[in-house]
Amino acid sequence: RFLNVLSEFQIKSLAESVVAAACSRVGQRVLHLDRRSHYAANWASFTFNGLLTWIQEHHESQPEELQDWSSLLEEGEELIYLNPSDSASIRNLQVFCFTSEKDEEEEAQSAVPPSTTEEEKGEAADDTVDETESAGVDHISKRNIEPSFRHFSMSLNLFNYNQSHPSVAQSQSEPTRKKISYAQLVKEGRRFNIDLVSKLMYSRGSLVDLLIKSNVSRYAEFKNVTRILTYRHGNVEQVPCSRADVFASRQLSVVEKRKLMRFLTSCVEETEEQQDFLRDQQLGDNLQHFLLHSIAMVTEDTPTEVGLASTRHFLRCLGRYGNTPFLFPVYGLGEIPQCFCRMCAVFGGIYCLRHSVHCLLVDKDSNRCKAVIDSRGQRISCNHFVVEDGYVEANRKNVATPTRFISRAVLITDASVLPSGSDQHVSMVTVPPIAAGSPAVKMVELCPSSMTCMSGTYLVHLTCQSVGSSYQDLSPVVTKLFHTPESHDQEHRPSVLWCLYFNMADGDGTQVQGHNLPSNVYLCSGPDADLGHDHAIRQAELIFQKILPEEDFCPPAPNPEDIIYDGDGTSFPEEEEKQEEELVEEQEVQTEE
C-alpha cells in the first residue's frame, strides 16, 4: 500500500505544483491531492461549458460535513481539522448575457410559426436567457452542461503559432463580423479556455527562467503578446515600446521621441536620481502617460524607486521573444500548473482528484505532522505537508489581517478594442483610473489563435485591486471600452456577448508564516494581483528550500533521447558518467596491487 510510505504530501495551485515537481525531480515521493475535479484551483482554465458549471457549483456549494476521526488517534497524537470548504476565496459572482438566445437562421425560421403545440411552447419558454445572475444560473442547470477540462498539452515549443497553423490564421483574417448567439457559445464551448486569473509571462521573469531551467517549457506552447495599448482621452492607443515602435509612432513629435529614447536609455543604465523624475525630465503629458501607466504600470503615488525598477524590468524584457516584454501560453494560463504536474508525474508523483483531506495527525512531542486522514478515513503517513492557506481554520492563524480581494471580469466580445489589418493580436491594455478613488485596470485581450476562444470572438480579461465589488469596480471600464446595453453612443465599439464578474482573494496580502501549525506544514497563498508570476515562484522556492535545503531547485529534466534503457532499469547520463569513474578507480587500484 503505497499510500503509507509517502515522503511528501501536496495539494493543488501553481506554487504547490512547482514544489511537487521540484521534490519529485530530486527523488522524493509525492502525493498530490485535490478535492476538486480539476487541477490548479484558482489558477485553473475552463472551457465555456466548464466555466458555467463552475459558476453553478459556487452558487450551490455546501461545505463537506465534518466527521469525528478521534478514534484513529494513537498515543501522543492530536487532530487538527482542515477547513471543509475554501469557497470564501471567490465571491460576488455576477453573470450577464447580452447576445440572443438563438442563431439568426433559427430566429428567422422561428419567425414563421409552424404548428406548435402548447408543450413545445412551454419548453421554448424554459430556455429563454435572462440577463440576471440568478436566472443565468437556472438557465445553465436546465441545459445540464457537463464540465470539460483540458489536461496536458502536447510537448511542443512553438513561439509563433500562426506560422505552424496557417489555416487558423487565414480563417481569422477574414473581416467578417457575424452576430454570435448564446447557443453558438455553448455549442463551441470546447474552443474556449478561460482563465480564472489573468497574468502574462515576462520574457525575463522568474517563471520563464524556471521553465527553461527545468525543461518544463517543452510541455507547453507560447505566443507573443504583440501590442501594448492604453486608454486615453476616450480612445485606445498603441504604446511605442521598442526603439522601432518609438520612431515609427505618429502619436509623438520628433522632440518627444528623442526625449523618450533618452529617458529609457538612462533608466536601463540606472543613471537617474530618485526624485520627481517625470517632471524633472520635462516630459509632456503624452510621454508621462505612456511611461507611468503602460511601461512602469504604476500610479502617480507610487514611490519613484519602485517606478524606476518596474520600468527597468519592462525594458530588459523587451526583444527576447518579440517587440513586447510578454508571452502568453497557448490554451491559457491553466497549462502552466499542469506542466509542472506532468513533470512531477514523470518522476513518480501520484495524483488524485476529487479526494479531500479532513485533518492532520500531529505528534505532540515534536509538533510535527506525521500523517493525514482523508475523506475515506484512511491514515496516510507523510513527512511534509503543503497546503493552500484557505484550507486552514481561522483559529490556527495568528495574524488577523483582513483579506484583500482582486476584482475580475471575463468578457467574450465580437471584435478587438483596436482593430487593425491583422486579427491575430494578443494585446495588453492599461486603463488609468477613470475617476477619483477608482482603481487602475489591466486588461488582456486574447484572439482565437491563442486557442482560448472560438473563431469570430475575442476573450477579454480585466483585473484590478478591489475597491468595491468587481461589478462596481470594472463595469464603468467595460461601459467605456465596449458596447453594452448600459453604453451610450458606443455602437462603434466591440459588443460584449457574455460577461462574468467576480472577486478573488488576493494572495499577496496573505500571511503564510507565523501561524499555530506544525513545523513541517507549509502554507501557500492563491493568485496575486501582479501581472507576473514572481510571487508564486518565489513562494515555491522558499518552501522547497525549507524541505530540502541541500537540493537544487528544479534541476533540468533529461531529454527523452538522453535516457539510456538497460533491461528494465533506466539510467541517466550523469549516473552513467559516475559509474564509469568508479570503474576506472577500481581498475587503477587493481593495477597498483
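Listed residues V372, V387, V362, V410; which is open to solvent by less than 20 Å² (accessible area, probe 1.4 Å) and either of a type in the set (D, E) or under 30 Å from Q490 (Cβ atoms) (or both)? Only one candidate qualifies: V410. Number of residues in the range 340-387 that are over 20 Å from I543 (Cα atoms), over 29 Å from the mean Cα position of the chain (by Cα) and part of a strand (DSSP E or B) equals 5.
If only residues of the range 14-34 that are closer than 11 Å to L548 by Cβ and part of a helix (DSSP H, G or I) are counted, the one that is most open to solvent (accessible area, probe 1.4 Å) is R25. Scanning the range 393-407 for residues that are surrounded by fewer than 21 Cβ atoms within 10 Å (Cβ to Cβ) and either of a type outside the set (D, E) or more than 27 Å from the chain's Cα centre (by Cα) (or both) returns A394, N395, R396, K397, N398, V399, A400, T401, P402, T403, R404.
Only residues that are surrounded by 18 or more Cβ atoms within 10 Å (Cβ to Cβ) and in a helix (DSSP H, G or I) were counted across the range 542-554, and they come to 3. Please enumerate the residues belonging to the range 424-460 that are of a type in the set (G, A, S) and either within 20 Å of R232 (Cβ to Cβ) or in contact with a helix residue (DSSP H, G or I) (Cβ under 7 Å, 6 or more places away or on another chain) (or both). S427, A435, A436, G437, S438, A440, S449, S455, listed by residue number. Would you check if there is a residue in the range 571-580 being more than 26 Å from Y391 (Cα to Cα), among the aromatic types (F, W, Y) and modelled with pLDDT of 95 or more? Within the range 571-580 (the criterion being more than 26 Å from Y391 (Cα to Cα), among the aromatic types (F, W, Y) and modelled with pLDDT of 95 or more), the answer is no, since none of the residues qualifies. The set of residues from the range 487-505 being open to solvent by 50 Å² or more (accessible area, probe 1.4 Å) and in contact with a Cys (Cβ under 8 Å, 6 or more places away or on another chain) is empty. Being of a type in the set (A, V, I, L, M) and open to solvent by 10 Å² or more (accessible area, probe 1.4 Å) is a condition met by at least one residue of the range 314-321.
Considering only residues that are over 15 Å from the mean Cα position of the chain (by Cα) and at pLDDT 80 or above, which ones fall in the range 503-533? Those that are over 15 Å from the mean Cα position of the chain (by Cα) and at pLDDT 80 or above: N516, L517, P518, S519, N520, V521, Y522, L523, C524.
Would you pick out the residues in the range 471-481 that are surrounded by 19 or more Cβ atoms within 10 Å (Cβ to Cβ) and among the charged types (D, E, K, R)? The answer is D473, and nothing else. The residues of the range 431-440 that are crowded, with 21+ Cβ neighbours inside 10 Å and touching an Asp or Glu at 6+ places or on another chain (Cβ under 9 Å) amount to a single one, P439. For the range 511-533, the count of residues that are at positive phi, in contact (Cβ under 8 Å) with a residue 24 or more places away in the chain and among the small types (G, A, S) is nonzero.
Candidates are the residues of the range 192-213 that are of a type outside the set (A, V, I, L, M) and touching a Pro at 6+ places or on another chain (Cβ under 6 Å); the one that is least open to solvent (accessible area, probe 1.4 Å) is S203. Taken over the range 326-355, residues that are open to solvent by less than 10 Å² (accessible area, probe 1.4 Å) and among the small types (G, A, S) amount to 2. For the range 299-330, a tally of residues being free of Cβ contacts under 8 Å to residues at least 24 places away in the same chain and among the aliphatic types (A, V, I, L, M) returns 2. Close Cβ contacts (under 9 Å, 6 or more residues apart or on different chains) running from residues in the range 234-253 that are farther than 16 Å from S427 by Cβ and open to solvent by less than 70 Å² (accessible area, probe 1.4 Å) to residues that are outside any helix (DSSP H, G or I) and modelled with pLDDT under 75 comprise V246/L252; L252/G284; S253/G284. Of the candidates M451, M428, M443, the single residue that is of a type in the set (A, V, I, L, M), touching a residue at least 24 places away in the same chain (Cβ under 8 Å), on the phi > 0 side of the Ramachandran plot and surrounded by 22 or more Cβ atoms within 10 Å (Cβ to Cβ) is M451. Every listed requirement among (1) crowded, with 17+ Cβ neighbours inside 10 Å; (2) touching a Lys or Arg at 6+ places or on another chain (Cβ under 7 Å); (3) within 28 Å of I90 (Cα to Cα) is met by T484 save one, (2). Determine if the range 389-397 includes at least one residue that is more than 20 Å from R36 (Cβ to Cβ), out of contact with any His (no Cβ under 7 Å at 6 or more places or on another chain) and assigned to a loop (DSSP other than H, G, I, E, B). No.
The values are calculated or read from the model by the stated rules, or taken from the named source; none is laboratory data. No experiment lies behind these values; they were computed from the predicted model shown. Cβ: placed from backbone, ideal geometry, glycine included. Neighbour counts: every protein chain shown. Accessible surface is based on the protein model in full, side chains and every heavy atom, while ligands, DNA and RNA are left aside. Shrake-Rupley method; radii C 1.70, N 1.55, O 1.52, S 1.80 Å.
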